[in-house]
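Throughout, read-outs are computed from the coordinates displayed, never taken from laboratory work. As the structure is a prediction and not an experimental result, all values here were calculated from the model. Counting neighbours? That spans all protein chains shown, and the Cβs are built from the backbone with ideal geometry, glycine included.
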Amino acid sequence: MHPVNELQVENVAAAFNSVAPDFEQTLENDITRAFRSKVYETVRSLVPAGARILDINCGIGIDAIALAQEGYQTSGVDISPGMIKQAKERSRKSGTEGVEFILSSFDDLSMFSGRSIDLVLSNFGGVNCSSSLERCAAEVARTLRPGGYFVAVVMPRMSLWEIVAGAARLNLSAAFRRLGGTVPARGFRSNTFAVTYYSPGSFTAFFSRWFSVRHLRGMNIFSPPPHAVRFRTRHPLLSSLLERWEPHVAALPIFRSVGDHFMIVLQRSTSESPADE
């Protein structure tokens, strides 16, 4: 199994620390809220209220707290001390002090072994930041109960929105930047770290030993992604039409690989366990 890249871990933590204090004010918007609601709808379809959910890149705790308010038993881990601090404060203010937030990488979820987690969640491309997706897959498998679910929202190697937007600006390097596979992250002030983009097939390959694919759909294929708030504001009618049409094609093979993200549901097998290694 590939070792964890400690420099990557440090760089990711520093980058997210830099945006933690004003994360909600600068990065949350109507598009991200609608995005999250789709993820929650998927979670509800898989496990009932009362189930144990672990958010492995919880950030400031938005998802873990929202799901706790729906009756789930939630915990969150994040690599950034700043994010964990904000998550705990948010939990206190929302009256959901029962949500557990732990400073850790999703490359090490050993503190949850034996807890029989029903669903593990990774939203907004958190797993794209992993220095060893192979190790991450083993940790998620070890944490989940047999038959449990991993819901991952992943950034693919091709984004139709980025291609069209980049081409419209005659900026081909921006249009096809994801095809490089691993590129520097943007939007974290002076901090950066490596982000690796995956096709659904290449992502699934890391998990195939312990998981089977239950569901796969593209997200923000034609509709404005979270970073395109200005477009949505300037073109509300067109954006609304694209948002309403997209669900009809989001699960089709030709489209589900070219959204700004794809959401994949993996189900844990009931046979071999990484704990045996």
Amide H contacts under 5 Å for H215, placed H, 5+ residues apart: V265
Helix-only CD estimate at 222 nm, as mean residue ellipticity for the chain, using -39500 (n - 2.57) per DSSP H run (n ≥ 4): -11000 deg cm²/dmol
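Using unit Cβ charges (K, R positive; D, E negative) and no other charged atoms, how large, in debye to the nearest 20, is the dipole of the stretch 134-218 about its Cα centre?
100 debye
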q = 0.20 Å⁻¹, the stretch 127-242: log10 I(q)/I(0) [Debye, one scatterer per Cα]: -1.18
Virtual paramagnetic centre 7 Å along Cα→Cβ of A49, amide N under 14 Å, in the stretch 90-117: none
Candidate values [x] -0.23, -1.38, -1.58; [y] -0.30, -1.33, -1.46; [z] -0.43, -1.24, -1.33, label of the one derived for log10 I(q)/I(0) by the Debye sum over Cα atoms at q = 0.07, 0.16, 0.17 Å⁻¹: [x]
Kirkwood-type radius of the stretch 9-150, with distances r between different C-alpha atoms, in Å: 15.1 Å
Selection from I79, S37, S94, by position along the positive dipole direction of the stretch 6-267 (Cβ): S37
Cross-link partners of K88 among aspartates and glutamates (Cα-Cα below 12 Å; sequence separation of 8 or more within a chain): D78, E97, E100
Ranked packing of 111-121, 75-85, most packed first, by mean Cβ within 10 Å: 75-85, 111-121
S269 versus E97: modelled label distance in nm, points set 7 Å from Cα along the beta carbon direction: 4.4 nm
Relative contact order %, the stretch 1-123, counting alpha carbon pairs below 8 Å whose residues are six or more apart: 29 percent
Interchain or long-range residues, amide H under 5 Å from F101's placed H: G76
3J(HN,Hα) from dihedral phi, the stretch 154-162, Karplus parametrisation 6.51/-1.76/1.60, rounded to Hz, x for glycine, proline: 10, 8, x, 7, 9, 10, 4, 4, 5
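Which FRET efficiency value, to the nearest 0.05, do you get for Q25 and T192 by plugging their Cβ-Cβ distance into 1/(1 + (r/R0)^6) with R0 = 25 Å?
Plugging the Cβ-Cβ distance into 1/(1 + (r/R0)^6) gives 0.70.
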Karplus 3J(HN,Hα) series, Hz, for the stretch 222-230 with 6.51 cos²θ - 1.76 cosθ + 1.60 (x for Gly, Pro): 9, 6, x, x, x, 7, 10, 4, 4
